[in-house]
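Undergrad: If you scroll down you'll find the structure; I have some questions about it.
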Amino acid sequence: MTSTSATTYTELPRSYRIPLAVMGLAIPLALIKLWLGAVVGLFGLFLLVQTLTLTLRFTDSALDVYRRDTVIRHFPYADWQHWEIFWNPVPVLFYFREVNSIHFLPVLFSPSELRTCLETHCAAAKEPE
């Protein structure tokens with residue numbers, strides 16, 4: 001947890017598992033179909049760039065998405081209706097629904113810390129399984 005003069009927040013550590021796994025998958029796919037391996041490899045590279053540049057910060061009132069030092073999205077918890085982290089054995093996709101929209105994010109951050117922050121800040125939006 002980090003604190004500035006007026007704001008306390010938790011910044012999630014990055015996880016490179018998904019981008020590196022996708023890029024690794026591109027190699028055998030390229031041996032089968034070169035174009036398919038290239039597409040999957042480019043997607044893995046895109047995810048790697050996103051991992052390096054995006055940051056998630058859980059504040060007391062909202063989830064903020066940063067690109068480097070700039071806030072690019074602000075999601076107040078009061079608007080959240082549901083959240084889910086898909087595929088428990090290897091968490092790969094984070095989904096949440098707000099009042100007016102839905103969002104899907106690849107899990108480019110520590111999955112365990114993501115779940116902890118969601119349970120702390122948005123427990124009411126999580127439906128029982």
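Please treat every number below as a calculation from the coordinates, not as lab data. What you are looking at is a predicted structure, and each value in this text was computed from that prediction instead of being measured. In this analysis, Cβ positions are derived from the backbone assuming ideal geometry, glycine residues included, and neighbour counts consider all displayed protein chains.
Undergrad: What does the convex hull of the Cα atoms of the stretch 2-125 come to per residue, in Å³, rounded to a whole number?
TA: 112
Undergrad: Now, a different point. Determine the sum of side-chain charges near THR55: Lys and Arg each +1, Asp and Glu each -1, restricted to other residues whose C-beta is under 11 angstrom from that of THR55.
TA: Result for the local shell: +1.
Undergrad: Let me ask you something else. With a Förster radius of 22 Å, plug the Cβ-Cβ distance of ARG67 and TRP87 into 1/(1 + (r/R0)^6) and report the FRET value to the nearest 0.05.
TA: Computed FRET efficiency for ARG67 and TRP87: 0.25.
Undergrad: Then there is this: Quote to one decimal, in nm, the extra length available between THR116 and THR10 on full extension: 0.36 nm per residue of separation minus the C-alpha distance between them. The partial results should precede the final answer.
TA: On the way: separation 106, 0.36 × 106 = 38.16 nm, distance 1.05 nm.
Length gained between THR116 and THR10: 37.1 nm.
Undergrad: Across every pair of different alpha-carbon atoms, what Kirkwood hydrodynamic radius in Å does the stretch 4-71 reach?
TA: Values: mean 1/r = 0.0732 Å⁻¹.
By the Kirkwood definition, the hydrodynamic radius is 13.7 Å.
Undergrad: Can I ask one more? With a ≥ b ≥ c taken as the square roots of the eigenvalues of the C-alpha gyration tensor of the stretch 42-109, please select rounded if a/c is under 1.5 and otherwise prolate if a/b is larger than b/c or oblate if it is not? Working shown, then result.
TA: Numbers: a/c = 2.06, a/b = 1.20, b/c = 1.72.
Verdict is oblate for the stretch 42-109.
Undergrad: Given H placed on each backbone N at 1.01 Å, which residues far from HIS82 in sequence or on other chains put an amide H within less than 5 Å of it?
TA: ARG97
Undergrad: To continue, here is another question. Given an 8 Å cut-off on Cα distances and at least 6 residues of separation, report the relative contact order of the chain as a percent.
TA: Taking the mean separation of contacting Cα pairs over the length of the chain, I get 22 percent.
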